[in-house]
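For reference, the structure is listed below as structure tokens.
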Amino acid sequence: MGDNWALKLGQEHGDQERAAARITEATRQVATDAADAALTRWPRVVEAMTRLVAAYNQGAGRQAIDISSDGSDSGRPAVIFRSGRDDAPRLTVTLEESAIYARHSGSGSASGEIEYHLDDGRSDEATAAYVLQRWMAQL
């Protein structure tokens, strides 16, 4: 009887550790599934961004924005948007895990980064617009 409390306490702690491990694995699997889904969507989002750039350029009556793939070996898919000259504002859009990061650079203090979550309720076209609209508005 004297050791019974220690046995029960050990069982409780063991149960808690196993439950925590199951939760950790489930959380890891959800993150992996979200990253896989984002990677599947990425080409469609880029296609939608390309259409938005073409529409912007058509509206501007000139090739105001160029879009290119990021040639780096970071392993993260990315596209770069440039407006006009080399020193003009630039936007690098990168897929990292299940989020899109838009890093913009420009003259002075106009640099920064915004994180956009890939929302299942938002279409690829709406996602592209969500990411590009603020940057395009500031050109």
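Is it the case that the stretch 4-25 has a residue that's among the β-branched types (Val, Ile, Thr), exposed (fewer than 14 other Cβ atoms within 10 Å of the Cβ), at pLDDT 90 or above and assigned to a helix (DSSP H, G or I)? Let's see the steps before the verdict.
Filtering the stretch 4-25 down to residues among the β-branched types (Val, Ile, Thr) leaves 23-24.
After this cut, where a residue has to be exposed (fewer than 14 other Cβ atoms within 10 Å of the Cβ) as well, the list is 23-24.
Among the residues that remain, those that are also at pLDDT 90 or above are: 23-24.
Next cut, assigned to a helix (DSSP H, G or I) only: 23-24.
For the stretch 4-25, residues among the β-branched types (Val, Ile, Thr), exposed (fewer than 14 other Cβ atoms within 10 Å of the Cβ), at pLDDT 90 or above and assigned to a helix (DSSP H, G or I): present.
Taking residue 48 as the residue in question, decide whether it is touching a residue at least 40 places away in the same chain (Cβ under 8 Å) and not in a strand (DSSP E or B). So that I can check it myself, show each step before the final result.
On the way: touching a residue at least 40 places away in the same chain (Cβ under 8 Å): yes; not in a strand (DSSP E or B): yes.
So residue 48 fits the description; yes.
Which condition breaks for residue 87 when tested against (1) assigned to a strand (DSSP E or B); (2) closer than 17 Å to residue 138 by Cα?
It is condition (1) that residue 87 fails.
Taking residue 53, is it at pLDDT 95 or above, assigned to a helix (DSSP H, G or I) and surrounded by 10 or more Cβ atoms within 10 Å (Cβ to Cβ)?
In short, yes.
Filter the stretch 67-126 for residues that are of a type in the set (A, V, I, L, M), under 19 Å from residue 35 (Cα atoms) and modelled with pLDDT under 90 and give the result.
If the condition is that a residue be of a type in the set (A, V, I, L, M), under 19 Å from residue 35 (Cα atoms) and modelled with pLDDT under 90, then 118 is the only one that fits.
The values are calculated or read from the model by the stated rules, or taken from the named source; none is laboratory data. This is a predicted model, so every value here is computed, not measured. With ideal geometry, Cβ positions are generated from the backbone for all residues, glycine too; neighbour counts draw on all protein chains shown.
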